[in-house]
Amino acid sequence: MSYPPGPAAPNYGQPPRKNHAGLIIVLLLVLLIAVLGVGGVLGYRLVSGKTARPGAAPETSATKSPTAADAGDLARRFVAQLNANNPTAATALACADSKKVLTVVLRNDIKPPTKLTTGTPYVQETIFMVPVAGTTKGTPVTGYVSLHAYHEPLCVSMLNLTPR
């Protein structure tokens, strides 16, 4: 006897496939909470200044942190050397790990006559940013001098100029 063609009978012998969507969602939420927690702790430490610099001596009256006034003074001395067409003296104010890059930047971006002035320094975590504006190679420019506050002593790490 032959059976008429039609749909096959359901397979009742196997259990249904398990859905792992709930487990995956819970694991992703736990991971998200962990990442946010670690980010929150790091953010709090950066903002509150509770991070210790590696190898840094404890701050005393003899080893005070640089101030915006210190950064402004260094940026003015750096810009004065650029205005005097003295890139060697300007590079001497650079951080040790920035001298090579800064030498290339000065060679490519600064040409006489240069007349730059500095603005009011502001701090971003451990970096002071000092706005600069003026002319170089006869072109009006704006930008900033970046100074690292975690170096001893305070030093220039970068000059960034863009044409106006």
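The values are calculated or read from the model by the stated rules, or taken from the named source; none is laboratory data. The structure displayed is predicted, hence computed values, not measured ones. A quick note on method: Cβ atoms are made from the backbone with ideal geometry, for glycine too, and the neighbour counts reach across all protein chains shown. Ligands, DNA and RNA are excluded from the accessible area calculation, which covers all protein heavy atoms including side chains. Shrake-Rupley method; radii C 1.70, N 1.55, O 1.52, S 1.80 Å.
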In the list 130, 101, 105, which residue meets the criterion of being closer than 23 Å to residue 164 by Cβ and in a helix (DSSP H, G or I)?
105
Near pairs, Cβ below 7 angstrom, 6+ apart or cross-chain, from segment 82-101 (within 14 Å of residue 113 (Cβ to Cβ)) to any residue that is open to solvent by 70 Å² or more (accessible area, probe 1.4 Å) and part of a loop (DSSP other than H, G, I, E, B)
85/112
Just to verify a result, which residue in segment 135-150, among those that are over 19 Å from residue 89 (Cα atoms) and in contact (Cβ under 8 Å) with a residue 40 or more places away in the chain, is surrounded by the fewest Cβ atoms within 10 Å (Cβ to Cβ)?
150
Between 49, 55, which is open to solvent by 70 Å² or more (accessible area, probe 1.4 Å), at pLDDT below 85, at positive phi and not basic (Lys, Arg)?
55
Selection status of residue 162, open to solvent by less than 60 Å² (accessible area, probe 1.4 Å) and not in a loop (DSSP other than H, G, I, E, B):
no
Being at pLDDT below 75, outside any helix (DSSP H, G or I) and either open to solvent by 90 Å² or more (accessible area, probe 1.4 Å) or within 30 Å of residue 138 (Cβ to Cβ) (or both): is that true of residue 10 here?
no
So if I check each of 74, 27, 31, 42, which one is surrounded by fewer than 11 Cβ atoms within 10 Å (Cβ to Cβ), aliphatic (A, V, I, L, M) and at pLDDT 80 or above?
31
If we ask which residues in segment 88-102 are open to solvent by 60 Å² or more (accessible area, probe 1.4 Å) and farther than 14 Å from residue 157 by Cα, their number turns out to be 1
Determine if segment 60-67 includes at least one residue that is assigned to a helix (DSSP H, G or I), β-branched (Val, Ile, Thr) and at pLDDT 85 or above.
no
